[in-house]
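Heads up, the thing below is written out as structure tokens.
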Amino acid sequence: MGVHKIDLKGFFRLAFQVTNKLSIKAVTRENLPYFWGWIAVSIWLYAYFLPMGGFTLKVSLFEEIVGDTTFYFYVMLVSGSLIPLLFDGKKFVPASFYSVIVSLVCFISVLFLGPGIPSKIIMLIAVPCIGHIFIAHVYAFFMVLNNSEKFYSMILVVLFPRVLMYIKPILSSTQIKPHPFAILIFFIMITLAFSTYFIKSRADTVPSFQKVKAPIKAYSLMPVIFIVFALNDVIAPAALQQMSGFANSQIESYYFGGILAGLAVILFLQARFSMNICIMLNLSFAFLALGFVVDIVRMQYPDARLVSAVCFGVAYSIGIVNIYYIAGFMIKKFRSIYFYLAGFLISSLCY
């Protein structure tokens, strides 16, 4: 099949300029399982599983069972990357229901068994299932959700894990059994079981990618994706971890405040001015640059570290929300399996 003939200049102008306000009213009832599933899976992974980044909400449950989680992370990453290479989304997205059930059984099993060899083996079974669940919802985010659903789901994907991170000390100090975090994981998996069952029952509504090539110039988005993820999800948090002279909770508070400020800026600029998405990305890079510059002078001015934390927080929320939105817009427009896989593999390589 040949290459689509697309007015690339006009397309990029459309991709980077939101001509209509993205209304929350555009979130459809039919897509609510995909909308919630994307949020739930992101909380699950970003808050409890992914090993990178300095300000992730980690609980000791997984680490107590398997020890070093790095190997398990790579198993998840590789299995999740292979699934869209081997199967059509029309098949593996609805089939994520079975992976949710297997993961739920594994989760309950290790809670009863506790740390040990059997639990490590069970988690090795669960991890590819987690990769399958994640990649299925990534696919649905790009190919099923409309523009407003992409935008507002990403607002919540950025917000919820950080809220949990912020209240982690409070929840960790409770004597409730089982632990509140274990209850939360269980609740997320139960809701995913219901939402993926709904998706499985309406498998015909899941679109397929086509084996067509996106325009060569469209791939200029790939290094932008890599840079945004690397700076916001890895390098900036690592820089904040190196800050001394302040309690971690204080740094985290200012970082969290910056994230909230960034989300408020996104919502205001989009709702009030329908601001060009590309300008929002430039705003993210500007706050990153400011954060790194301020970090350089922290030896003379120790309080500048807090300003740096705020800047990194603002940059994170603006950058992550908008790069997902842009990538989602372009992937759904081109419907090219090669373009989609290139974006996914580039982001995986970053981590």
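The values are calculated or read from the model by the stated rules, or taken from the named source; none is laboratory data. Computed from a prediction, not measured in an experiment: that's the story for all the values here. Cβ: placed from backbone, ideal geometry, glycine included. Neighbour counts: every protein chain shown. Protein only, heavy atoms only, side chains kept; ligands, DNA and RNA dropped before computing areas. Shrake-Rupley method; radii C 1.70, N 1.55, O 1.52, S 1.80 Å.
Before moving on, here are some points about what is shown:
- Surface exposure of region 216-349, expressed per residue as accessible area with a 1.4 Å probe, stands at 42 Å².
- Computed from backbone phi with θ = phi - 60° and the Karplus coefficients 6.51, -1.76 and 1.60, the 3J(HN,Hα) list for region 202-207 is 10, 4, 5, 8, 7, x Hz; x is used for glycine and proline.
- Neighbour net charge for VAL307 - beta-carbon separation under 10 angstrom, K R +1, D E -1: 0
- With every protein chain in place, region 216-349: carbon and sulfur % of accessible area (1.4 Å): 70
- Listed peptides 70-79, 129-138 by packing density, highest first (mean Cβ within 10 Å): 129-138, 70-79
- Residue-by-residue Karplus 3J(HN,Hα) for region 280-290, coefficients 6.51, -1.76, 1.60, Hz, glycine and proline x: 4, 5, 4, 5, 4, 5, 5, 5, 4, 4, 4
- Karplus (6.51, -1.76, 1.60) ³J(HN,Hα), θ = phi - 60°, over region 185-198, in Hz, Gly and Pro reported as x: 4, 4, 4, 4, 5, 5, 5, 5, 4, 5, 5, 6, 5, 4
- Summing Lys and Arg as +1 and Asp and Glu as -1 over all other residues whose Cβ lies under 14 Å from the Cβ of ALA327 gives a net charge of +4.
- Area accessible to solvent at TYR152, 1.4 Å probe radius, in Å²: 40
- Packing-based ranking, highest mean first, of 303-312, 81-90, 332-341 given that Cβ atoms within 10 Å are counted: 303-312, 332-341, 81-90
- Most to least packed among 313-320, 285-292 [average Cβ atoms within 10 Å]: 313-320, 285-292
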